[in-house]
Amino acid sequence: MSHRTSSSSAVNASWLDIAGGVEPLDGVDLDAVLVTRIERANLAMQPRINFYTPTFKSYVTSELAGCGKSAWPAVSITGGECALACDHCKAKILEPMIPAPTPEALWRVVNEQMAQGAQGMLLTGGSNHRNEVEYDAYYPVVRRIKDAFPAFRIALHTALVDERIAGCMADAGIDAAMMDVIGAQDTIAQVYHLKRSVADFERSLECLTATSMKVVPHIVIGLHYGRLLGEWEALEIVARHQPAALVLVVVMPFYAPAQRPFVTPDARQVGRFFLDARRRLPHTPLLLGCARPAGRIKAEIDSYAVMAGLNGIAHPADGVVELAVRLGRDVRVTPACCSIAVGDEVMALEQDAGIRVDLRDLIAAERARPRATGKLAGIPIVAS
Ligand code: SF4
């Protein structure tokens, strides 16, 4: 990886030194051994990185003005109901979503949301006791939506499926299919309270990738009460089925019951997993979704993500865009908050058609913020 810094000393600096020179990362405790290991892994095959963030919306063009939460609403066909009540979620993730408890309601919601500028939606719902979301009654209305509004993108949280269900989803016109891949039986049984097997998760992914849908599995790092357990097996499953992209998120167990507490995952372990994922899937877009713990640990996790060559990061911590520039990554910024959640970035990566923001503008905006004044001075910018 080449360094496009202007000073020759910076060219020869270690990544740890470069990170140490990024002021907003002050006090962030990166593991020297891990950083050196990632640097030496020579992951130069991924020069480009895209940050998805609403932070830089101040200079959005009229073309981008529609970006924001209402552009990608999340809609639940069960409202806030979920029979599984997993230990890390307890169905709370569904509560703020727009309910569409009938197919007719879904049609109405989509029309209302489009009138308010929605470009697509994440369609989801609570699971039954087999970790299936019962979409059967909705496929005709999804087809009707896609026929009436072909440009309206629909990303579907599929949960577990079989061949028939995957075919129904594809025939209905779903653009992106998303599912969590779990690689440890203990996690399935204990965290999800589920009598399904790791093989069921793999079979579901296999059925989805056999269709025309863009399939974007997620791996939740630290899902086993904050510890990493089945993540590497999940990675192997994903590698066997070559989806359009892989989204990594870090568990945020806001709703964990007191008797089953989650620990905060160790940032170094998360960083090691990023490196392993990058090596295992050198040609698959790897994206860090917005779910991850806040605070200093987020800056550590994001720094490792940039170093390990992930292709996209939602809501980067302060200083991480600068770190990417200083490490020589070809940096793009998409001023949107929800595109990873709905799979839009997958289309953008493939077509190279993501919304581009002039990096000089971005830096001007960064300089305008008191904390970031002068931060990127002296760095030649590639604003392609
Ligand atoms: S199945 Fe999904 S929505 Fe239901 S509790 Fe588990 S994580 Fe939350």
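Points worth noting:
- The condition (being more than 30 Å from N128 (Cα to Cα) and at pLDDT 90 or above) is satisfied by just one residue among T5, T53, T36: T36.
- Filtering segment 100-119 for residues that are hydroxyl-bearing (S, T, Y) and out of contact with any helix residue (DSSP H, G or I) (no Cβ under 7 Å at 6 or more places or on another chain) leaves a non-empty set.
- Any hit, segment 123-134, residues being β-branched (V, I, T), open to solvent by less than 50 Å² (accessible area, probe 1.4 Å) and more than 20 Å from R196 (Cβ to Cβ): no
- Across segment 225-242, not a single residue is classified as in contact (Cβ under 8 Å) with a residue 60 or more places away in the chain, more than 24 Å from Q190 (Cβ to Cβ) and not charged (D, E, K, R).
- If you go through segment 176-193 and keep only what is within 15 Å of the ligand (Cβ to nearest atom) and surrounded by 20 or more Cβ atoms within 10 Å (Cβ to Cβ), you end up with M178, M179, D180, V181, I182, T187, I188, V191, Y192.
- Qualifying residues in segment 254-295 (those that are closer than 15 Å to L223 by Cα, open to solvent by 40 Å² or more (accessible area, probe 1.4 Å) and not β-branched (V, I, T)) - the one farthest from the chain's Cα centre (by Cα): R260
- Segment 194-220, residues that are under 22 Å from the mean Cα position of the chain (by Cα) and within 15 Å of the ligand (Cβ to nearest atom): F201, S204, P217, H218, I219, V220
- Residue in segment 290-312 that is over 18 Å from D180 (Cα atoms) and part of a strand (DSSP E or B) present: yes
- Boolean, A83 is at pLDDT below 95, in contact with a Ser or Thr (Cβ under 7 Å, 6 or more places away or on another chain) and either of a type outside the set (D, E, K, R) or surrounded by fewer than 16 Cβ atoms within 10 Å (Cβ to Cβ) (or both): yes
The values are calculated or read from the model by the stated rules, or taken from the named source; none is laboratory data. Please read these numbers as outputs of a predicted model, since none were measured by experiment. Note: ideal-geometry Cβ built from the backbone for every residue, glycine included; neighbour counts use all protein chains shown. Side chains included, ligands, DNA and RNA excluded: accessible areas come from the protein's heavy atoms. Shrake-Rupley method; radii C 1.70, N 1.55, O 1.52, S 1.80 Å.
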